Amino acid sequence: MTGQDRAIGQYFAPAKGIIAESDVLDRIVARLLMVAPFCWDHLILHYQRVGENDFGGCSGFAYLVNADIPYPWMPTSDVSELFEYLKRMMARPERGAWLEVKFTMSFEDEYSIEYNRGAQELQLSPDASDIRRELELFPRTQGHIPGWMRTILDGDDSGSDSTS
C-alpha cells in the first residue's frame, strides 16, 4: 500500500448518520483545498451518478481571483469517489439515493450543496441500463420513481422492468 493509497483510504472510514455525512463533506472540502487551481476564488462542481455510470466523474468550473470568466476544471478522481461514498451513505430505503449534486465552494472553505433525487431531469441523460442498475443498487417504491425515469425505461425493450 502506497502513501497515496493510505491517504485516499482515510476518506472511506466507516461511519453512520448525519455526523458521518458532514464528515464526508468536510473531507471533500479538504481534498478540494489540496487540488484546486492556484489563485482560485470559487468552484462550481457537478457530480452525477446513475447506477455505475458517473458520466466521467466530477467536473465544473473554477473562478480565479480577479477573473470574471470561469474556466472548465476537473478535480482529481478521488473527489468523485468521495461523492460516490456520500451518495451510498445518504441512500434511503424505498426512496433511493440522490442522482446528482451541485457543489459550490468559495475560498477558503465555505460551501453549499444541492441534491437532486430525480425531481428534476438530470443534466446528462442516462440510458435505461443505467436506470435499471440504479434501481437495483438503490431501490425505490413506485411513488419515488420520477416520470422521466419511467419514460426512459418504458422506451427500452432490451431489459427487464426493475420498477415493480
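The values are calculated or read from the model by the stated rules, or taken from the named source; none is laboratory data. Predicted model only: the values in this text are computed from it and were never measured. So basically every Cβ, Gly included, is an ideal-geometry build from the backbone, and we count neighbours across all protein chains shown.
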Quick one: LEU43 ticks every box in (1) under 16 Å from VAL101 (Cβ atoms); (2) among the hydrophobic types (A, V, I, L, M, F, W, C); (3) in contact with a Cys (Cβ under 6 Å, 6 or more places away or on another chain) bar one, so which box is it? (3)
Out of all the residues in the stretch 139-153, which are outside any helix (DSSP H, G or I) and in contact with a helix residue (DSSP H, G or I) (Cβ under 8 Å, 6 or more places away or on another chain)? ILE145
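If I ask for residues that are aromatic (Phe, Trp, Tyr) and within 14 Å of GLU81 (Cβ to Cβ), which ones from the stretch 29-53 would you list?
TYR47
So is GLU121 under 19 Å from GLY57 (Cα atoms), in a loop (DSSP other than H, G, I, E, B), out of contact with any Pro (no Cβ under 6 Å at 6 or more places or on another chain) and at pLDDT below 95 or not? Let's see the steps before the verdict.
Working: under 19 Å from GLY57 (Cα atoms): yes; in a loop (DSSP other than H, G, I, E, B): yes; out of contact with any Pro (no Cβ under 6 Å at 6 or more places or on another chain): yes; at pLDDT below 95: yes.
Judged against the criteria, GLU121 is a match.
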Which condition does LEU86 not pass, out of (1) buried (at least 16 other Cβ atoms within 10 Å of the Cβ); (2) farther than 14 Å from TYR47 by Cα; (3) aliphatic (A, V, I, L, M), if it passes all the others? (2)
Of the conditions (1) of a type in the set (Gly, Ala, Ser); (2) in contact with a Pro (Cβ under 8 Å, 6 or more places away or on another chain); (3) on the phi > 0 side of the Ramachandran plot, ALA62 fails just one. Which one is it? (3)
Mind checking which residues of the stretch 60-79 are surrounded by 14 or more Cβ atoms within 10 Å (Cβ to Cβ) and closer than 15 Å to LEU43 by Cα? GLY60, PHE61, ALA62, TYR63, LEU64, PRO70, TRP73, MET74, PRO75, THR76, VAL79
So ARG117 clears everything in (1) touching a residue at least 60 places away in the same chain (Cβ under 8 Å); (2) closer than 27 Å to THR151 by Cα; (3) touching a Phe, Trp or Tyr at 6+ places or on another chain (Cβ under 6 Å); (4) not aromatic (Phe, Trp, Tyr) except one condition, right? Which one? (1)
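Got a sec? Which of ASP78, ASP109, ASP54 is touching an Asp or Glu at 6+ places or on another chain (Cβ under 8 Å) and touching a residue at least 24 places away in the same chain (Cβ under 8 Å)?
On the way: ASP78 fails: touching an Asp or Glu at 6+ places or on another chain (Cβ under 8 Å); ASP109 fails: touching an Asp or Glu at 6+ places or on another chain (Cβ under 8 Å).
It is ASP54.
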For GLY143, only one of the following conditions fails: (1) surrounded by 14 or more Cβ atoms within 10 Å (Cβ to Cβ); (2) over 14 Å from the mean Cα position of the chain (by Cα). What is its number? (1)
Could you please find all residues in the stretch 23-82 being touching a Ser or Thr at 6+ places or on another chain (Cβ under 6 Å) and part of a helix (DSSP H, G or I)? VAL35
Taking the criterion of being surrounded by fewer than 14 Cβ atoms within 10 Å (Cβ to Cβ), in contact with a strand residue (DSSP E or B) (Cβ under 6 Å, 6 or more places away or on another chain) and not acidic (Asp, Glu), would at least one residue in the stretch 30-42 satisfy it? yes
